[in-house]
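The values are calculated or read from the model by the stated rules, or taken from the named source; none is laboratory data. Nothing here was measured: the structure is a model prediction, and the numbers come from that model. Glycine also receives a Cβ, built like all others from the backbone with ideal geometry; neighbour counts cover every protein chain displayed. Each accessible area value is taken on the protein alone, full model and side chains, heavy atoms only, with ligands, DNA and RNA left out. Shrake-Rupley method; radii C 1.70, N 1.55, O 1.52, S 1.80 Å.
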Amino acid sequence: MPTGVLEVNIIEGRSLKNCDFFGENDAYVEIYMDKRYKQRTITIKNSNNPVWDEQLTFNIHKNDSTVHFDVYDADLIGRDTIGKCKVDLKQVFNTGAFDEWIKLPAHFGLSSRGEIHVKMNFT
């Protein structure tokens, strides 16, 4: 795998599965290649269609092959998992860019917990 810099822009989410009994999610996204180094977006309160529009930068090392996106609902105590997804970085390495809505699968991919819009650039 090549080395370089990956810019990840978390644009927005849509139709996120509601994890709260009252109101809507307080959603944020954690992004990582290696679980020892994670970055996250700000929390958008009370929305199942949050707009983050945040750019995060990662140094890519030769063993990095997948970028992970974990979407959570922040609670007063702890957090609930809304959904998780990942992207094979080969797609990004081959074209230098990525701009897609990524589904947050549930129950073996038979249903969806919503989706997030992600743009990435690799240099």
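Once the range 45-75 is narrowed to residues that are outside any strand (DSSP E or B) and open to solvent by less than 70 Å² (accessible area, probe 1.4 Å), the residue that is nearest to P105 (Cα to Cα) is N48. Could we say that H117 is more than 13 Å from I11 (Cα to Cα), modelled with pLDDT of 95 or more and open to solvent by less than 60 Å² (accessible area, probe 1.4 Å) here? Criteria not met by H117. Of everything in the range 82-96 that is more than 12 Å from the chain's Cα centre (by Cα) and open to solvent by 50 Å² or more (accessible area, probe 1.4 Å), the residue that is nearest to F22 (Cα to Cα) is D88. Restricting attention to the range 76-110, the residues being closer than 13 Å to V8 by Cα, of a type in the set (V, I, T) and either without any contact (Cβ under 8 Å) to a residue 40 or more places away in the chain or in a loop (DSSP other than H, G, I, E, B) (or both) number 1.
If you go through the range 21-30 and keep only what is surrounded by 21 or more Cβ atoms within 10 Å (Cβ to Cβ) and modelled with pLDDT of 95 or more, you end up with A27, Y28, V29.
Among the residues of the range 74-88, the one identified as in contact with a Leu (Cβ under 8 Å, 6 or more places away or on another chain) and among the charged types (D, E, K, R) is K84. Among the residues of the range 1-30, those identified as more than 13 Å from V92 (Cβ to Cβ) and in a strand (DSSP E or B) are I10, I11, E12, G13, R14, A27, Y28, V29, E30.
The single condition from (1) within 30 Å of G4 (Cβ to Cβ); (2) out of contact with any strand residue (DSSP E or B) (no Cβ under 6 Å at 6 or more places or on another chain) that F69 fails is (2). Against the condition open to solvent by 40 Å² or more (accessible area, probe 1.4 Å) and within 28 Å of S111 (Cβ to Cβ), how does E12 come out, does it pass? The answer is yes for E12.
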